[in-house]
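As structure tokens, the structure follows; a few thoughts come after it.
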Amino acid sequence: MRGGETGELIPVELDDVVTEEGAALVIRAGGGRVGESFPITSDRMTVGRRPDCDIFLDDITVSRDHALIVRRGDGIHIDDLGSLNGTYVNRQRIESHRLSDGDELQIGKFKLTFLAR
């Protein structure tokens, strides 16, 4: 689901946000960016408040270098980079976690969903 112009929820098609590589993060809440998606297109993607991060989340609750999305032999993982407010998957604070389809991530005030084929 994503937010429409008037705030109503609009269904999101998996094929519209997930690439051939098979995974994406979609913002569910936070920063007025609901519905924005980030296809996982490389083996390492940075997440943080630094403007040159692959997934740029501009809010003071997000550390400049907050987390790292890493493709490993057994799947896609998220690693916290020692962020002040932590990285959460399914409401559990993590240091490293292998992501599964439908996992809910919280990075600062942003809530994201991991989608995979």
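The values are calculated or read from the model by the stated rules, or taken from the named source; none is laboratory data. Fair warning: this is a prediction, and the values are worked out from it, not measured in the lab. Remember, those area values only see protein heavy atoms, side chains included, never the ligands or the DNA or RNA. Shrake-Rupley method; radii C 1.70, N 1.55, O 1.52, S 1.80 Å.
Quick one: which residues, 5 or more positions from Asn85 or on another chain, have an amide H under 5 Å from its amide H? H modelled 1.01 Å from N in the peptide plane, none for Pro or chain starts.
Distant-sequence amide H within range of Asn85: Ser63.
Could you give me D for the range 22-71, from Stokes-Einstein at 4 °C and 1.567 mPa s, where the hydrodynamic radius is the Kirkwood radius over C-alpha pairs? Units µm² s⁻¹, please.
116 µm²/s
For the range 103-114, in order, what is each residue's ³J(HN,Hα) by Karplus, 6.51 cos²θ - 1.76 cosθ + 1.60 with θ = phi - 60°, in whole Hz (x at glycine and Pro)?
Along the range 103-114, the couplings run 4, 9, 9, 10, 10, x, 8, 8, 10, 10, 10, 8 Hz.
Using the heavy atoms of the protein chains and a 1.4 angstrom probe, tell me the accessible area per residue for the range 66-117 in square angstrom.
53 Å²
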